1. May I ask which of Lys346/Lys374; Lys84/Lys105; Lys56/Lys132; Lys175/Lys362; Lys224/Lys271; Lys32/Lys132 have a Cα-Cα span longer than 25 Å here?
2. Can you compute 3J(HN,Hα) from phi for each residue in segment 340-348, using the Karplus curve 6.51 cos²θ - 1.76 cosθ + 1.60 with θ = phi - 60°, rounded to whole Hz and x for Gly and Pro?
3. Ignoring everything but the protein chains, give the 1.4 Å probe accessible area of Lys121 in square angstrom, nearest 10.
4. Distance in nm between label sites at Val238 and Leu96, each 7 Å beyond Cα in the beta-carbon direction?
5. In whole percent, what relative contact order does segment 1-176 give with Cα contacts below 8 Å and a gap of six or more residues?
6. Among Cys48, Cys63, what's the order by accessible area (1.4 angstrom probe), most exposed first?
7. Per residue, how much accessible surface does segment 1-41 expose to a 1.4 Å probe? Answer in Å², no decimals.
8. Using a Förster distance of 56 angstrom, determine the FRET efficiency expected from the C-beta separation of Asp352 and Gln252, and round it to 0.05.
Amino acid sequence: YSGQREVVAEEMGHKVYGELMRYSQDLKAERKHHLQEGRKTQQYLDQCWKHMDNSKKKFERECKEAEKSQLIYERLDSDINATKSEVEKAKSQLYLRQHMAEESKNEYAAQLQNFNSEQWKHFNVAIPQIFKNLQDMDERRTVKLGEMYRSFAEVERRVIPIISKCLEGMVTAAKNVDERRVSAKMLLKCSRAPTLEDLSHLPPEQRRKKLQQRIDELNKELQKEMDQRDALNKMKDVYEKNPQMGDPGSLQPKISETICNMEKLRSEIHKNESWLAEVEGKHGSRSERRSSADVNHHAPHGRESPEGSYTDDHSQEHRSPPQPDPHEFDDEFDDDDPLPAIGHCKALYSFDGSNEGTLVMKENEVLYVIEEDKGDGWTRVRKQGGEEGYIPTSYVEITLEKNSKGAVTYI
C-alpha cells in the first residue's frame, strides 16, 4: 500500500508539481512583461502631456510678451517726443512678438491634438490590449490547472485497483490474526531487538554477503588502528630514550584514543559476526533439509506435479537402499541438486527483483515454493525454467502441499 502511495507521490512530483512549478515561472515572466508594457504606455502618455503642457506655458508667455510690445508701441506712437526710429523699433519688436506668439499657438495646438490622439489610443487600444493579454494568461493558467487536476486523478485511478487489493489483503490478514502467535512473536522480537543495522530486511544470501563484506571492512579498519597504535608506542619509546626529541606524555592521549577505537571496532566485528553466524546457521539448516531431500532423490521421475504437488508412492517403502555408485564423486564440484518444491504460489503483483538474490516476477505468474518465509518477509521460489531466488511474501498467494506442513493457503 505504501509502495502505491510512493508511486502517486513520484508521479505528482514529476508530472504535476514539477510541471506546475515550471509553468508558474513562465506565467510570472509573462505577467511581468505585460505589466512592463503597461508602465511604458503610461510613461509615454505622461511624456506627451508634459510636451503639451510645456507648449501651453510657452504660448502663454509669448502672448504676454506680444501684449507688452503692443502697449510699448502704442505709447511711443502717441508720444510726440518719441523719434521715428524709436517708433519703428517698437513696431518691429511688436511684429516679432506677435509672430512668435503665433508660432507658439500653432505648436501648442499641435501638441494638444497629439496628446488627445495618444490619450485616446492609450485608453481605447493599448490598455485594453494589455488587460486582454492578462486575461488570456489567466485563462490559460486555469486550463493548465484543470489539466494538472486530471493528471493527478489519472495517477490515483491507475493505483486504485492495486490499492483495493492491498486493502482487501489487509482486511483478510486482520481477520486471520492469531493473538497468541502474534504475542509470542512480539516477545521474541523484543528479546532480540532487531534493527535495520543487522540487514534483516535483505534476502538471506544477500544479507550474508553484505555482513561478510562489512566484517572485512571492519577488520581492515581495526588493522589500521593497530598499526597506528604500534607506531605511536614506538615513537613513545624513542621519546623516552631521547627526551630532547619530544615529550612522551604528549602521545598518550592519541594512544588512548586509538585503543578506544580498537575496542569499538572489535565490538562491531563481534556483533556482525554473531549476525553472520545466525544467517549461516539458517543456511546450514537449509543444507540439512537439502541432504534429507536427496534421500528421496532416487524416487521415480514425475513425482512432482506441474503445480509443485507430490503423490505418495508406497511401493518405494520396501526398496533396498541405493547401491554406492563408483562415480559418485565425479560430480563433487557440481552444483547441489535443487530443493524439492513444498508448494506453489501465484503472483498478485509484479516484482522487479533488482536486489541481489531476488527473482523477477510478473503478475499472475505461478512459481514453485522451495522454502517458506522464515519471518524476514521473503520466500524462496523457483520458476518453471529452474531459476531460483527470493520474492516478497506479501506479493504472492501461497499454497503449501499436504505432505509439507498441512494444506495451508495464505497471502
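The values are calculated or read from the model by the stated rules, or taken from the named source; none is laboratory data. The shown structure was predicted, so the numbers you read here are calculated from the model rather than taken from an experiment. Here Cβ is always computed from backbone atoms with ideal geometry, including for glycine, and neighbour counts include all displayed protein chains. All accessible areas refer to the heavy atoms of the entire protein, side chains included, with ligands and DNA or RNA removed. Shrake-Rupley method; radii C 1.70, N 1.55, O 1.52, S 1.80 Å.
1. Numbers: Lys346/Lys374 19 Å; Lys84/Lys105 31 Å; Lys56/Lys132 35 Å; Lys175/Lys362 28 Å; Lys224/Lys271 20 Å; Lys32/Lys132 15 Å.
Check vs 25 Å cut-off fails for Lys84/Lys105; Lys56/Lys132; Lys175/Lys362.
2. For segment 340-348, the Karplus curve yields x, 6, 10, x, 9, 9, 10, 6, 7 Hz.
3. So the heavy atoms of Lys121 present about 100 Å² to solvent.
4. Label-label distance for Val238 and Leu96, simple model: 10.6 nm.
5. Details: 88 pairs, mean separation 71.1, N = 176.
Over segment 1-176, the number comes to 40 percent.
6. Working: Cys48 5, Cys63 40 Å².
Correct descending sequence by accessible area is Cys63, Cys48.
7. Numbers: 3000 Å² over 41 residues.
Solvent-accessible surface per residue comes out at 73 Å².
8. Working: r = 55 Å, r/R0 = 0.98.
Efficiency, rounded to the nearest 0.05: 0.50.
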